[in-house]
1. Any chance the range 296-305 includes a residue that's open to solvent by 60 Å² or more (accessible area, probe 1.4 Å), part of a loop (DSSP other than H, G, I, E, B) and either of a type in the set (D, E, K, R) or out of contact with any helix residue (DSSP H, G or I) (no Cβ under 6 Å at 6 or more places or on another chain) (or both)?
2. If you go through the range 320-338 one residue at a time, do you hit one that is surrounded by 14 or more Cβ atoms within 10 Å (Cβ to Cβ) and farther than 29 Å from R410 by Cβ?
3. Is there a residue being open to solvent by 80 Å² or more (accessible area, probe 1.4 Å), at pLDDT below 85 and outside any loop (DSSP other than H, G, I, E, B) anywhere in the range 400-413?
4. Of everything in the range 144-153, what is open to solvent by less than 40 Å² (accessible area, probe 1.4 Å) and either touching a Lys or Arg at 6+ places or on another chain (Cβ under 6 Å) or of a type in the set (A, V, I, L, M) (or both)? Give them in sequence order.
Amino acid sequence: MARRVQIGARMSRSSPSLIDLIAAQRAPVVRMLRVIAGASIAATLGAGCADSHFSHPDFVESPSCTESHAWQPLDALDLPAPRTHLALVANTQVLTVVTVVDETGTRCGDATDATTCTEAFDAATIPTSEGAHHVVSTDGDRVEAWTGRARFAELLGTIDTPDEALMMVWSEGFTVECGSVSRSAVREVEGGFEVIARKTVRDCNPIVTRRFVLFVSSAGEIEEIASEEVERMDGACAGRRPEGLEPARGVRGPSAVGRYLAEIARLEASAVIAFEVMERELLALGAPEALLRAVREARADEVRHAEVMGALARARGARVEAPVVPSRPLRDALAIALENAVEGCVRETFGAIVGLHQATCAQDPALRDAMRVIAEDELRHADLSWQLAAWLEPRLDDAARAEVDRARARALVALRAEVAIDPDPELARAAGLPSARVATEIVERIARSIG
């Protein structure tokens with residue numbers, strides 16, 4: 001057996017509103033997107049982008065993986081001290097978003113003051129220096145947070161089931177997933193359990209994810225047996241679509257890859273128009289110079305993107321159409337906010353993350369190299385979308401802000417439907433496009449992050 005190394009993990013704290021945090025300059029969106037990419041792409045694409053050097057005989061998925069591939073271990077626990085309610089809580093490193101992974105019992109159901117109990121529960125979900133993966137329990141009026149390996153061991157007692165071993169690993173910031181033994185699995189061995197789990201060990205420039213084999217003793221000690229790097233991201237994004245963009249016409253090339261590149265080039269060119277319109281409209285609204293300068297820089301990026309993607313398309317025998325966008329009068333603040341919620345906060349955010357995926361996974365070397373540059377630009381464009389939302393939306397009245405929130409929610413629903421079908425296999429390999437499963441997971445992580 002290889003040398004074992006003691007494991008520890010630290011993560012950061014949470015806070016409620018993404019737009020409020022951006023307005024207060026407390027949520028760096030570019031890093032936020034890298035964390036989503038690291039958590040949902042790097043942690044799920046070992047089979048798609050990197051060959052595994054691990055063998056896993058006798059390893060199995062968690063017994064508490066549901067048919068919908070959700071990990072729900074709490075009902076199966078046999079605790080030394082029974083709890084009336086438990087919640088498995090995760091906080092992302094940068095997004096400052098609380099996610100209840102699993103819950104059993106009725107939260108504050110037997111409390112004498114449910115309001116006070118609920119407030120205490122919410123406060124307990126904020127991580128301490130011990131980490132951001134934890135359990136919160138409520139028993140009557142008592143609310144307790146169980147954070148870090150020692151507290152998990154106290155809660156669970158003797159680690160004598162596979163799910164308890166997985167919970168110990170999860171408490172230290174490792175990812176427990178369902179759907180593939182290569183991502184997350186467990187087997188019983190002498191003195192405890194061995195667990196396969198992944199962890200993003202670096203979340204910015206580059207994003208690095210490693211797969212570990214860990215030993216979890218019956219006393220809850222965690223030791224590293226082996227590890228390997230499974231994903232490293234050093235970085236087609238498609239630009240923002242302007243209102244009224246007409247669809248492409250006719251057949252544009254002999255191959256799926258060429259046609260794809262031609263369409264991306266057309267969309268990038270249309271984004272040039274979108275940013276031209278945005279600059280005029282924001283100027284009319286009295287937007288700050290920093291925001292206007294970012295818009296101008298984004299427009300210049302899109303000019304380069306259109307040129308690069310057009311050249312790649314033509315090299316593969318495809319014809320690139322010019323975008324057709326009818327002229328229109330300047331719009332009011334609500335119309336701009338609605339478009340930004342859909343095209344910026346949802347679609348550009350998704351596109352930026354997919355761009356990171358392509359920058360790593362595209363098998364066409366010229367396309368992969370192009371995406372490494374384009375993805376970085378699109379990360380800044382997604383950041384611009386959220387900066388615009390943080391400046392513009394507080395200037396709307398309550399009814400208008402609610403309408404913008406609904407537009408964002410509808411855009412997520414539409415995006416889920418769009419990504420539910422796997423791309424053409426040839427195109428997916430060449431362009432590094434995510435499968436329907438991975439793309440759906442990206443959308444779900446975005447939805448959880450932006451609320």
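1. So far as the range 296-305 goes, no, none of its residues is open to solvent by 60 Å² or more (accessible area, probe 1.4 Å), part of a loop (DSSP other than H, G, I, E, B) and either of a type in the set (D, E, K, R) or out of contact with any helix residue (DSSP H, G or I) (no Cβ under 6 Å at 6 or more places or on another chain) (or both).
2. Yes, because at least one residue in the range 320-338 is surrounded by 14 or more Cβ atoms within 10 Å (Cβ to Cβ) and farther than 29 Å from R410 by Cβ.
3. no
4. Within the range 144-153, A145, A153 meet the criteria.
The values are calculated or read from the model by the stated rules, or taken from the named source; none is laboratory data. Bear in mind the structure is a predicted one, so any value in this text is a computation, not a measurement. Note that we place each Cβ from the backbone using ideal geometry, even for glycine, and neighbour counts take in every protein chain shown. With ligands, DNA and RNA removed, areas are computed over all heavy atoms of the protein, side chains included. Shrake-Rupley method; radii C 1.70, N 1.55, O 1.52, S 1.80 Å.
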